[in-house]
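Below is one structure, written out as structure tokens; comments come after it.
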Amino acid sequence: MSETSLEQFGLDRPESGDDVVVPFTLDSLDSRGRVVRLGDALDVIINRHGYPEPVARLLGEAITLTALIGTSLKFEGRFILQSRTDGPVSLLVVDYDTPDGLRAYARFDQDQLDAQVAEGKTKPEDLLGKGILALTVDQGVHMDRYQGIVALEGEGLEEVAHTYFQQSEQIPTRVRLAVAEYSERGQPRPSWRAGGVLLQHLPEHGGQTMPDLPGDGDFENEATADPNFVEDDHWTEAKALLDTLSDAELADPELSSERLLFRLYHETGVRVFEPQILVERCTCSAERVEQMINDFTPEEREDMVVDGEIEVVCEFCSTHYSFNPNQF
């Protein structure tokens, strides 16, 4: 498809690249959503820790899902995705720090993981096992936290996201996630990439539109869609077109978010909006770590001393901090 086609499609700016979220609407299908493409930001997070390939893919999906949901919320603060399960990957933590920061880490049991790999059980649902997924909005110390919890019963993150939106907001939602490694000539190693789409059905309802992601940014707002909602032809078509999208297309470095949407919805019509930039950024600092240590009791701090110093390593970015125990 030519650049002229994209201009006719309504794109009057350069196509977005990696590490961005692009909002869009399907007016004729009463739907809207977001596309995320992650490149360098994802690659830095994964390679900093040297995660095994199955763990890297799972964490990549969690980061992509967090970017899709977090950037949809109208708030200042942090959006946190966290899983605690009995599977080989017992913990996933992803932070989205407004307006653009992402950081993440995973904990896993190497012996359990090796056993799963030997049996060929490396799908997200195999690595997660059973437990919970918590989605938290933290707007600061002077605001209450908003949290939604979904049981993990052997599903992948796409399925869990569908359950979350159905239970918490009753908004028909479709989520697609894909993570891949790409090798480029001249590069010393493959790089990690990911893509995701979040699509929601928001038809006219009683003269008002249904709320956006939790509370439409107002977390005291309990308004939801009609629980007796019956799927209509518009939502059926929007979902069916999205389901034609392959994982390879979703993570393709040569296929921008705009071209991907054009490929899917050029016949029905789609409007895209300004992309939102994403960056890999940790919020840790010596001052924050010092304050955390100061909150412990003298006895607890004494137990932390090794070779005359208190050492702390950030689980997100692996930065080492050293403190003299006598300063507390």
Notebook entry, point to check: Restricting the search to the stretch 267-292, which residues are touching a residue at least 60 places away in the same chain (Cβ under 8 Å), surrounded by fewer than 15 Cβ atoms within 10 Å (Cβ to Cβ) and under 26 Å from residue 234 (Cβ atoms)?
Noted result: 269, 273, 274
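Taking residue 154, is it surrounded by fewer than 22 Cβ atoms within 10 Å (Cβ to Cβ), of a type outside the set (Phe, Trp, Tyr) and modelled with pLDDT under 95? Lay out the reasoning, then the answer.
On the way: surrounded by fewer than 22 Cβ atoms within 10 Å (Cβ to Cβ): yes; of a type outside the set (Phe, Trp, Tyr): yes; modelled with pLDDT under 95: yes.
Yes, satisfied.
Yes or no, residue by residue, for (1) part of a helix (DSSP H, G or I); (2) modelled with pLDDT of 90 or more; (3) not aliphatic (A, V, I, L, M):
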{"site": "253", "(1), (2), (3)": "no, yes, yes"}
{"site": "261", "(1), (2), (3)": "yes, yes, no"}
{"site": "274", "(1), (2), (3)": "no, yes, yes"}
{"site": "289", "(1), (2), (3)": "yes, yes, no"}
{"site": "302", "(1), (2), (3)": "yes, no, yes"}
Item checked: Of residues in the stretch 304-328 being in a loop (DSSP other than H, G, I, E, B) and under 24 Å from residue 45 (Cα atoms), the one farthest from the chain's Cα centre (by Cα) -> 319
Next item on the list: Return the pairs, sorted by first residue and then second, in which the second residue is basic (Lys, Arg) and part of a helix (DSSP H, G or I), the first residue lies in the stretch 121-143 and is under 15 Å from residue 63 (Cα atoms), the beta carbons are less than 9 Å apart, and the residues are 6+ apart or on different chains.
Entry: 124/57
Next item on the list: Confirm whether residue 64 is touching a Leu at 6+ places or on another chain (Cβ under 6 Å) and either surrounded by fewer than 21 Cβ atoms within 10 Å (Cβ to Cβ) or modelled with pLDDT of 95 or more (or both).
Entry: yes
Margin query: It is to be established whether one or more residues within the stretch 73-95 are polar (S, T, N, Q), closer than 18 Å to residue 161 by Cβ, surrounded by fewer than 24 Cβ atoms within 10 Å (Cβ to Cβ) and in contact with a Lys or Arg (Cβ under 9 Å, 6 or more places away or on another chain).
Written below: yes
Note to self: Can you find a residue that is at pLDDT 95 or above, within 17 Å of the chain's Cα centre (by Cα) and either closer than 20 Å to residue 42 by Cβ or among the polar types (S, T, N, Q) (or both) anywhere in the stretch 141-150?
What the structure shows: no
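Does residue 315 satisfy being closer than 24 Å to residue 51 by Cβ, surrounded by 12 or more Cβ atoms within 10 Å (Cβ to Cβ) and not assigned by TED's automatic domain parsing to the domain that holds residue 20?
In short, yes.
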Check: In the stretch 110-209, which helices (runs of 4 or more DSSP H) lie fully inside it and hold 1 or more residues that are in contact with a Leu (Cβ under 6 Å, 6 or more places away or on another chain)?
Finding: 124-128, 157-168
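Quick check on this structure: which one of 100, 95, 109, 86 is in the same structural domain as residue 53 (by TED's automatic domain parsing), of a type in the set (Asp, Glu) and touching a Phe, Trp or Tyr at 6+ places or on another chain (Cβ under 8 Å)? Walk me through it before giving the result.
On the way: 100 fails: touching a Phe, Trp or Tyr at 6+ places or on another chain (Cβ under 8 Å); 109 fails: touching a Phe, Trp or Tyr at 6+ places or on another chain (Cβ under 8 Å); 86 fails: touching a Phe, Trp or Tyr at 6+ places or on another chain (Cβ under 8 Å).
After applying the criteria, what remains is 95.
The values are calculated or read from the model by the stated rules, or taken from the named source; none is laboratory data. In this text, all values refer to a predicted model and were calculated from it rather than measured experimentally. All Cβ positions, glycine included, derive from the backbone under ideal geometry; neighbour counts span all protein chains shown.
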